[in-house]
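Contents: one structure, followed by commentary.
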Amino acid sequence: QEFLREMSDKDEKINSLRDMGFSEDEANMAITICVDADLSVLVDSISASQVTEVCHSRNLSDHQVTARCFDSFGGRKRARLIEESKKKRKRYGGGAQGKRPSLDGSDEESMPLPKPMVGFNLPGYRGPSMTRVLPELATGPPYFYYENVARAPKGVWAKITRFLFDIQPEFVDSLHLCAAARKRGYIHNLPTENRSPLLPLPPKTIFEAFPHYKKWWPSWDQRTHLNCLQTCMAPATVTERIQQKLSSSGNPPPQSVQKYVRHECSKWNLVWVGKDKAAPLEPHEMEYLLGFPKDHKRGVGKTQRYKSLGNSFQVDTVAYHLSVLRGMFPNGVRVLSLFTGIGGGEVALHKLGIHMRVVVSVEIGEANRQILRSWWDQTQTGTLIEIADVKSLKDDEIATYVRRFGGFDLVIGGSPCNNLAGSNRHHRDGLEGEHSSLFYDYFRILNSVKSAMANM
Ligand code: SAH
């Protein structure tokens, strides 16, 4: 009896999803993963993600979330905001995605990564537009945009989502927009219809980006895209070893050598610059792949350039999401930019032709601040205010800026991923890690801006 009831419930949901234009496979997949989810959650889950990968996570209980926010950020008002968001979450069915009881009785929340990782839509997408209804507390102004690595330890995205009004992340691999992979999650409250890409479209393959490397590229290295551009460069020993191995074997080299070389090339993102000679990308090539203007970081040491580039936005990807602001703010935007880095968000807005009336930028790296300042002075006419540490940006100062500029239109930033990213196994201690816990400052500051604007 129970089984029959469940089956008809399931069929009904599948039918409804099909009526909405999703394929049977998509509907089945979503239902298999989110067994008991409400229809709205299923819709969200398919739109955001053709689910294949499910990471289970154990989260703080609602009580702990509130307590934590209350403790760390103080103020009854803040706690009330969070309470409200919690109630709304229940009403909107958010946060229920794939919730399963775990063995110890606590809740495990899964945050599926979509495959392919194409976000809500990609440039050139002509299908039905994905509309979403955001809880009132989450809607702009201010608009906000938060970024971090997609493959974070289990539970991290579920927790970030809970803090950011239960808005489902948009997971995108920039591989679908340019010649290098970059898997990132974006939580934002921007409209998702009528986006437009930056033109000209960036090169989509390695050879389109760097035709001159074709000459030395061995046929058995079949990469068409580079891997995610990282913060550190291959040591010389890696490239020397490759050269050694290749020059001492025939052509084509034996399978085992091919395999070894292919592995090293993918791992370190090497390109073929000469006979048997693989080399790391130059910083200006990474800049180009990431959508930054030529020489954006000229004059800064190479190691620093790699580091900042490895952490930065892929400009075309972010610009595609931000493009909706163009029509909404014809007179320009007032931006609060947290963890600005080398200014991926600012470059994206500029390339979109969106005037920045004001940017209050918070970035701790002095070299990064210099890069932003020099780019700003060359390209912008608005006001740039630079602050070093998010920790020092407190409610009263935020309220002062809000009064001075009449509010912010966009709060944008991606907090450090040092304790989340896969390559950092030693310090991969999750959102509470030393650097990654700076996410809570993003959340704190966003809410502070919201309250200051509400009081205006
Ligand atoms: N989205 C940016 C890069 C973000 S990487 C871009 O497009 O370039 C995270 C950034 O946070 C780094 O640049 C790092 O220097 C900065 N950061 C780390 N701790 C910080 C702090 N306490 N206050 C402000 N910025 C910080």
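Computed from the coordinates by the stated procedures, all read-outs in this text should not be read as laboratory data. Computed from a predicted model, the values in this text were never measured in an experiment. Every residue, glycine as well, gets a Cβ built from its backbone with ideal geometry; the counts of neighbours run over all protein chains shown.
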What residues have an amide H closer than 5 Å to that of Gly332, excluding those fewer than 5 places away on the same chain, when H is modeled at 1.01 Å from N in the peptide plane? His355
The range 206-289: spread of alpha-carbon positions along the three principal axes, whole Å, largest first, is 36, 25, 18
For the range 144-282, treating each Cα as an identical point scatterer without solvent, what Debye log10 I(q)/I(0) comes out at q = 0.11, 0.12, 0.20, 0.22 1/Å? -0.55, -0.63, -1.15, -1.30
I want to check the label-to-label distance for Glu240 and Lys215. Put each point 7 Å from Cα in the C-beta direction and report it in nm to one decimal. 2.6 nm
Reduced to Cα centres, the span from the range 198-242 to the range 351-383 in Å works out to 30 Å
Computed FRET value (nearest 0.05) for Lys259 with Gln378, which takes r as the C-beta separation and R₀ as 41 Å: 0.30
